[in-house]
Amino acid sequence: MPQYLKDYNNEGVRLFDGHRLHIVPFYRTFCMTLQYLYKAIEDKVIDDITLYRNILLAQFSEHEIALLRIMYLYRNSENLMFIQKRYEKRIDHFFKETMLEYIISRTMNTESDCFVDA
């Protein structure tokens, strides 16, 4: 059973017992893919992001989605280099609101009193 750790000293966070290093490439790819989808909407290549959002998130377990969200919420500045200014507000909403809809377990939701930390 993984140990869930949270350590919110300033902007630093230790993620789920050392899993942070394993999730960083997913986080970067995820941010780049989201920006690609937002550009496709701007260019009117697609008109509804819902299908593509579901396809993107279907690749991740609930645990991975929670980790990605925590990386964004309690990020260090290096995690922002993959987000273009023009998409900051959309990505912020996506990580803070949309992803939360996909986290059913209260033990993986950082806003829940049931969030498990060691």
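Extending each Cα 7 Å along its Cβ direction at ARG75 and VAL24, get the distance between those two points in nm, one decimal.
1.5 nm
Calculate, for ILE46 and ASP113, the FRET efficiency according to 1/(1 + (r/R0)^6) with r their C-beta to C-beta distance and R0 30 Å; round to the nearest 0.05. Could you put the intermediate results ahead of the total?
Numbers: r = 38 Å, r/R0 = 1.28.
After rounding, the FRET efficiency stands at 0.20.
At a 1.4 Å probe radius, carbon and sulfur cover how many percent of the accessible area of the range 25-118?
Carbon and sulfur: 54 percent of the exposed surface of the range 25-118.
Report relative contact order for the range 55-115 in percent, whole number only (criteria: Cα-Cα under 8 Å, sequence separation at least 6).
On the way: 32 pairs, mean separation 23.8, N = 61.
Rounded, it is 39 percent for the range 55-115.
The values are calculated or read from the model by the stated rules, or taken from the named source; none is laboratory data. A quick note: this is a predicted structure, and the numbers were derived from the prediction, not measured. In this analysis, Cβ positions are derived from the backbone assuming ideal geometry, glycine residues included, and neighbour counts consider all displayed protein chains. Accessible surface is based on the protein model in full, side chains and every heavy atom, while ligands, DNA and RNA are left aside. Shrake-Rupley method; radii C 1.70, N 1.55, O 1.52, S 1.80 Å.
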